[in-house]
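This report concerns only the one structure given below.
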Amino acid sequence: MEQREWEPVTGARLIGFAVGFGLLLLLIFRSEPGFVFMLDHANLLFHEAGHPMIGLFSSRLETYGGTIGQLVFPCVLAVSFWRKGQTVGFAAGCIWFFESWFNIARYLADARALELPLLGGGDHDWNTILTRWGLLQYDTRIAAALRLIAWLGIATTCAWVVWRAWQDRRRPTAEPDFVTARSSR
Ligand SMILES: [Zn+2]
């Protein structure tokens, strides 16, 4: 496989990423659990768009369309940044993808309780899905597992950005010095 050329994580980019991520964390902890202002409004929009899109292909799969919809859009974003080798953009797409899981977990955890207000007032996606799968009694446990995976995904993405930044610090400056130091020895 060819080695992907990642855009260097300059100090400015790293600071931008850290500030953006800090703001997101603040939003996550200050928002109602699983519904981050703005970000989850966008997720909701993609969720609602996903139902009819998947519904075009299969009415049985339409129920899954919302969840697929809200995951596909951050994926498309992440893949487009990945193709361009844009490190911070790719990381942002990944973090959005995993943040969306918190929102999905919130909905999933409500499968038995049926307390969340539903946009459009239709069926409860996760009540339908988990009933279909015979997993309805595990709704809150599955949701907890999703949240854990989401945090792991976000932490891994951040660690990757820091690792890339560290790699970039080492490479361009250290190498020529190293070569001259060796040749003069
Ligand atoms: Zn839905």
Members of region 25-59 that are in contact (Cβ under 8 Å) with a residue 24 or more places away in the chain and more than 17 Å from L119 (Cα to Cα): I28, P33
Residue among V76, V72, V36 that is surrounded by fewer than 17 Cβ atoms within 10 Å (Cβ to Cβ), under 15 Å from the mean Cα position of the chain (by Cα) and over 30 Å from R170 (Cβ atoms): V76
As an exercise: evaluate G85 against (1) within 20 Å of I154 (Cα to Cα); (2) touching a helix residue (DSSP H, G or I) at 6+ places or on another chain (Cβ under 8 Å) and give the number of the one condition it does not meet. (2)
When you look at R171, is it within 30 Å of E7 (Cβ to Cβ), in a helix (DSSP H, G or I) and either of a type outside the set (A, V, I, L, M) or in contact with a helix residue (DSSP H, G or I) (Cβ under 8 Å, 6 or more places away or on another chain) (or both), yes or no? yes
Specify the residue that is farthest from D40 (Cα to Cα); the eligible residues are those in region 79-92 that are touching a Phe, Trp or Tyr at 6+ places or on another chain (Cβ under 6 Å) and open to solvent by 10 Å² or more (accessible area, probe 1.4 Å). W82
For region 100-113, the count of residues that are among the acidic types (D, E) and open to solvent by 20 Å² or more (accessible area, probe 1.4 Å) equals 0
Which residues, taken from region 114-139, are open to solvent by 50 Å² or more (accessible area, probe 1.4 Å) and among the aliphatic types (A, V, I, L, M)? L114, L118, L119, L135
Is it true that some residue in region 48-65 is open to solvent by 40 Å² or more (accessible area, probe 1.4 Å) and either over 25 Å from D125 (Cβ atoms) or under 15 Å from the mean Cα position of the chain (by Cα) (or both)? no
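The values are calculated or read from the model by the stated rules, or taken from the named source; none is laboratory data. Keep in mind it's a predicted model, so treat the numbers as computed, not measured. All Cβ positions, glycine included, derive from the backbone under ideal geometry; neighbour counts span all protein chains shown. Side chains are part of the model used for accessible areas, which takes the heavy atoms of the whole protein and leaves out ligands, DNA and RNA. Shrake-Rupley method; radii C 1.70, N 1.55, O 1.52, S 1.80 Å.
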